[in-house]
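Contents: one structure, followed by commentary.
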Amino acid sequence: MNDTPHTTHHAPLTTDVIIIGAGPVGLFAVFELGLLGLKAHLVDILDKPGGQCAELYPEKPIYDIPAWPVISGQGLTDRLLEQIKPFEPTFHFSQMVESLRKTDEGVWQITTDAGTVIQAPVVVIAAGGGSFVPKKPPIAGIDAYEGHSVHYAVRKMAQFEGKRLVIVGGGDSALDWTLNLQPLAKELVLIHRRDDFRAAPDSVEKMKKLVAEGKMKFLLGQVSGLHGENGQLEAITLKDDAKNETRIECDCLLPFFGLTMKLGPVANFGLNLHENLIPVDTEKFETSEPGVFAIGDINSYPGKLKLILSGFHEGALMAQKAFAYCRPGEKLRFQYTTSSTDLQTKLGVKEGKAA
Ligand SMILES: Cc1cc2nc3c(=O)[nH]c(=O)nc-3n(C[C@H](O)[C@H](O)[C@H](O)COP(=O)(O)OP(=O)(O)OC[C@H]3O[C@@H](n4cnc5c(N)ncnc54)[C@H](O)[C@@H]3O)c2cc1C
């Protein structure tokens with residue numbers, strides 16, 4: 001396991017099950033665990049739940065979710081959130097799980113890049129196609145500025161108060177952050193390679209209004225160079241289609257070029273991997289480490305289909321074994337939600353009537 005010591009000074013949070021990844025499969029796992037009385041914390045590097053469904057195709061219709069002849073990626077995410085609400089999961093968004101290790105007391109511990117430490121007897125890896133990470137613009141020397149004055153995400157808006165900002169991109173993130181940060185910034189310049197945006201037309205209109213009012217600038221072109229020292233930007237070079245170069249003084253550069261999926265830190269958890277997937281058995285979906293499970297797109301076993309419905313099934317079976325780790329010695333009784341008062345109490349429904 002990854003034994004890197006963490007630097008946080010907070011006492012670790014504790015729960016029954018830590019779920020790495022809040023995609024559709026991680027979300028439904030909360031439901032299956034909840035029916036067995038198990039509590040869950042979920043961690044995702046995205047700033048919202050839904051994984052690929054919410055990030056890659058929120059408006060696309062899905063046709064193979066049982067009993068939903070058609071539902072959008074975001075619609076499915078919303079329904080899953082509604083279904084797991086009674087179990088009050090704790091979400092930790094915009095955080096990357098960086099390490100997994102076993103403590104001297106024999107419980108699993110994860111640490112995130114934001115310093116959150118959570119301990120539990122069970123860890124469920126529902127990391128899908130990997131963690132969503134920002135696509136970097138191809139600008140020489142950009143690494144030296146990352147985290148100081150080049151940012152691919154906005155975690156705290158106050159960090160940009162009174163600063164001269166350059167935002168790059170033409171999608172929703174670039175436009176949304178332009179509109180949100182403009183009132184705080186000392187100066188704001190939006191750069192995009194063409195006057196044609198993928199972002200919502202309403203956001204584009206609002207941005208153009210700010211430009212017309214002289215509250216910000218919009219320039220066509222690409223960032224071709226960075227100037228500054230010790231990680232602090234002083235200016236960028238903008239190159240337009242005619243290869244003209246302009247120097248723009250700024251304190252921070254925020255490129256929003258979309259996200260891509262990479263296996264990321266899961267590769268360093270010390271688990272057996274096969275072609276970047278985690279092999280599991282098909283009875284419990286447990287990994288090479290007892291108490292660590294892998295469900296959804298991240299796992300592999302003979303006959304695996306990377307479908308949402310497969311991940312839902314895997315979550316149900318995983319929960320049975322997770323119960324044994326979390327409640328050793330307690331017996332698990334098989335019950336139907338239709339007829340069990342115990343399950344209906346957990347769900348917060350009484351003598352439930354179908355819609
Ligand atoms: C365009 C498109 C169309 C699709 N259509 C269908 C369809 O019609 N039917 C169907 O069944 N499937 C479809 N799929 C596949 C489906 O989306 C996936 O099977 C499903 O999203 C897998 O769910 P998951 O929860 O396992 O993983 P994901 O949805 O990939 O979620 C995993 C989450 O884990 C997070 N994560 C990973 N590592 C870390 C870490 N170290 N720290 C923090 N967070 C981490 C990621 O950020 C991500 O949010 C489609 C996929 C695409 C791209």
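Structure above, values below:
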quantity: Phi-based couplings in Hz for the range 305-316 (Karplus 6.51, -1.76, 1.60; Gly and Pro marked x); calculated: 10, 7, 10, 4, 5, 5, x, 5, 4, 4, x, 5
quantity: Semi-axis lengths, Å, the range 45-117, gyration tensor of Cα atoms, sqrt of 5 times eigenvalues; calculated: 31, 14, 11
quantity: Carbon and sulfur %, accessible surface of the range 82-223 computed with the full protein complex present, 1.4 Å; calculated: 48 percent
quantity: Filtered chymotrypsin sites (Phe, Trp or Tyr not before Pro), the range 63-154: DSSP coil and at most 12 other beta carbons within 10 Å; calculated: TYR63
quantity: GNM top mover of VAL25, VAL204, VAL168 - the chain, alpha-carbon springs below 10 Å; calculated: VAL204
quantity: Accessible area of the range 302-353 divided out per residue, in Å², using a probe of 1.4 angstrom; calculated: 71 Å²
quantity: For the range 10-82, radius of gyration divided by Kirkwood radius, i.e. Rg to Rh on alpha-carbons; calculated: 1.04
quantity: Modelled FRET efficiency - R0 30 Å, THR338 with LEU309, Cβ distances, 0.05 increments; calculated: 0.90
quantity: Rg and Dmax [Cα atoms of the chain; Å; Rg one decimal, Dmax integer]; calculated: 23.1, 73
quantity: Label zone at ALA140 (point 7 Å along Cα-to-Cβ), backbone N below 11 Å, the range 207-232; calculated: 225-226
quantity: Above-threshold pairs, the threshold being 26 Å between Cα atoms, out of LYS136/LYS239; LYS306/LYS331; LYS48/LYS186; LYS60/LYS208; LYS136/LYS304; calculated: LYS306/LYS331; LYS48/LYS186; LYS60/LYS208; LYS136/LYS304
quantity: Tail fraction, Cα-Cα pairs, the range 111-189, threshold 22 Å, whole percent; calculated: 42 percent
quantity: Value of Rg/Rh across the range 67-168 [Cα atoms, Kirkwood radius]; calculated: 1.05
quantity: Gyration tensor (alpha-carbon) shape descriptor, the range 151-208, a/c threshold 1.5; calculated: prolate
quantity: Per residue Cα convex hull volume in Å³ - calculated over the range 145-251; calculated: 96 Å³
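The values are calculated or read from the model by the stated rules, or taken from the named source; none is laboratory data. Just so it is clear, the model here is predicted, and its values are computed rather than measured. Neighbour counts run over all protein chains shown; Cβ positions are idealised from the backbone, glycine included. Just so you know, the surface numbers come from the protein's heavy atoms only, side chains and all, with ligands and any DNA or RNA stripped out. Shrake-Rupley method; radii C 1.70, N 1.55, O 1.52, S 1.80 Å.
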